[in-house]
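One structure below.
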Amino acid sequence: MRLRFLRAPHVALLCCSLLAGPSLLGAQTPRDTVIGTPTVPLAPGRVAPSVRGIAIDERIAQDAGVRVGDTLRIAAEAGTTGEPVVVDALVRRSADPSEVARSEYRVRLHLDHLQRLTNAIDRVDRFAVAVRPEAGPSAVDSLLAGVNHVAFGFRAHASRDVAVESSRTFQVVDRFHRAIGGITIVASAVFLLCILLLKVEERRRAVAALRLAGLSRRTVALSVIAEAAVVAVLGSGVGAAIGWVATLAVNAHYQRVFRTPLTFALLTPRIALFAVSLSLVLGIVAGALAAWRLVRTPPLTLLGR
Amino acid sequence: MTAPTGNRDGTPLLEAHDVQRRYEAGESTVHALRGVSVAIRRGEFVAIVGASGSGKSTLLHLLGAVDAPDAGRVIFEGRDISRLSDAEATRLRLLRVGLVFQRFYLMPTLSALENVMLPMAEAGLAPAARRARAEELLRYVGLGERTGHRPTQLSGGEQQRVAVARALANEPALLLADEPTGELDAATGAALIALLQRLNADGLTCVLVTHDAALAQSAQRVITMKDGRIVQDTGASPS
């Protein structure tokens, strides 16, 4: 269904999902936030007021300069006069990655209002049924089975199944990110090893002098490994700090671009700890390899004799 | 001053018996030492001189258990050190032999004091004792006021004096120096020679390899080498 937003100087296309339920503000997803003044739900048998209330996307409000209490006109078909409505509430969209790139606007109407406006009195695309919190998964499954047994022309799904279905794209993205992470770790390990080998090469003569002064292979190897471990931990710590600042910048930028509270980049303490731990392991391994190479070489060879 | 230890009883501290050393250089063999025999007595100040390639540095390395001869024996304090394992040779150098090189090879991230303390830490000396001795050694070499300076904050002469102090860390019986004035100007070289003479006067046995005529003249005994053999020894014991 398309609605024309008549008040705005420009013509905005609105995509509206039919919402089932007694309340105007029956949110499409449970996490959508209603801001502004919500309308009192229609009680059964109660007569609807002559000018109906609607809820609009916060985006429309921002783009068109609409506020709660403003009167607009809406119509089901472009070019028609439409009818006046009052903005009763603004809806801020939830942080849903599947909707982040969608730029359409949304308007929410009372079900009876929407049915009349669209001349679709007996038609809905979908509706949600909430169950009591105390109802367990088995009760939901039993209910679904009962509904689907008698359903004709529609099918009921548990919200968790819908979530799994709609998140498959993100599972692929997640695997893709893991692959990138794996490649990054391997590349970082090679880089770290190369850096350590270079550092060790720079110190061949100094290490040779220490060996000639009586420092054992074990002492030299341990010092190289310890230095590598410290460098790796400090480097990963600094990297995590830079990463954290980068997540702030990335989130601020894309949240502004897409007008969503969605978190695009995330650095949790667990991720930081994993990064530092992994870096420590890589540093020790790289240090051990570099040290092994160093202490195997006779001191005079290290001195270039 | 208590830094160097040693005595001048005239007994051999170090003896080389017909030592030979050769290197493979590509397809050819270089005979660096062709059967060298020499005895260094306790308290001697010996300079080994000779042209480049004459074998003097190779001899120094064999005397200090840095390298092993292909043939012959090296006896240090009555012990054959020519067939030591790497660990044994390393331990010997740590405790009984001090080495100084043309380049100073100090650890750049450590202070002068820490550089001197390194061999003492390896030897297991207690932290307080190693600090006290390192400070004493740095005072001895004239760097008592610069213990906290890093090598980059020191002049070449000062760095070489730190290297000497490091070589003396574990009270060695023998100090071996390979071109110790090679990187120093005349004035700082002279100061280092004076320091080495003072060390020897305090009882330390010193063996130096040098091209420096002034340093060679300051030695009690000069061994001249050519083509892997000793051609002159001003202080050889009559056999």
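Listing for the model above:
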{"quantity": "³J(HN,Hα), Karplus 6.51/-1.76/1.60, whole Hz, each residue of the stretch A:246-252, x for Gly, Pro", "calculated": "5, 5, 4, 5, 4, 5, 4"}
{"quantity": "Between helix B:127-140 and chain B: long-axis angle, C-alpha atoms, 0 to 90°, nearest 10", "calculated": "80"}
{"quantity": "5 angstrom amide H check on A:ALA265, placed H, neighbours 5+ away", "calculated": "A:ASN251"}
{"quantity": "Residue order, fewest to most surrounding Cβ atoms within 10 angstrom, among B:TYR140, A:TYR254", "calculated": "A:TYR254, B:TYR140"}
{"quantity": "Förster radius 41 Å - calculated FRET efficiency between A:VAL281 and A:ALA95, Cβ distance, rounded to 0.05", "calculated": "0.75"}
{"quantity": "Neighbour-count ranking [beta-carbon atoms within 10 angstrom, fewest first] of B:CYS206, A:CYS194", "calculated": "A:CYS194, B:CYS206"}
{"quantity": "Dipole in debye (nearest 20) - the protein assembly as shown, about Cα centre, beta carbon charges: Lys, Arg +1; Asp, Glu -1", "calculated": "680"}
{"quantity": "Average Cα contact separation per residue, chain B, under 8 Å, 6 or more apart, as relative contact order %", "calculated": "30"}
{"quantity": "Sequence-distant residues sharing a close amide H with A:VAL91 (under 5 Å, placed H)", "calculated": "A:ILE35, A:ILE56, A:ASP57, A:GLU58"}
{"quantity": "Helix axis angle, B:86-95 relative to chain B longest principal axis, alpha carbon, degrees", "calculated": "50"}
{"quantity": "Length released on extending from A:SER103 to A:LEU198, taking residue separation times 0.36 nm less the Cα-Cα span", "calculated": "29.0 nm"}
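All of the numbers you see were taken from the coordinates with simple rules; none came from a lab. Keep in mind the model is a prediction, meaning the values are calculated, not measured. Don't worry about glycine lacking a Cβ; one is built from the backbone with ideal geometry, like all the others, and counts go over all protein chains shown.
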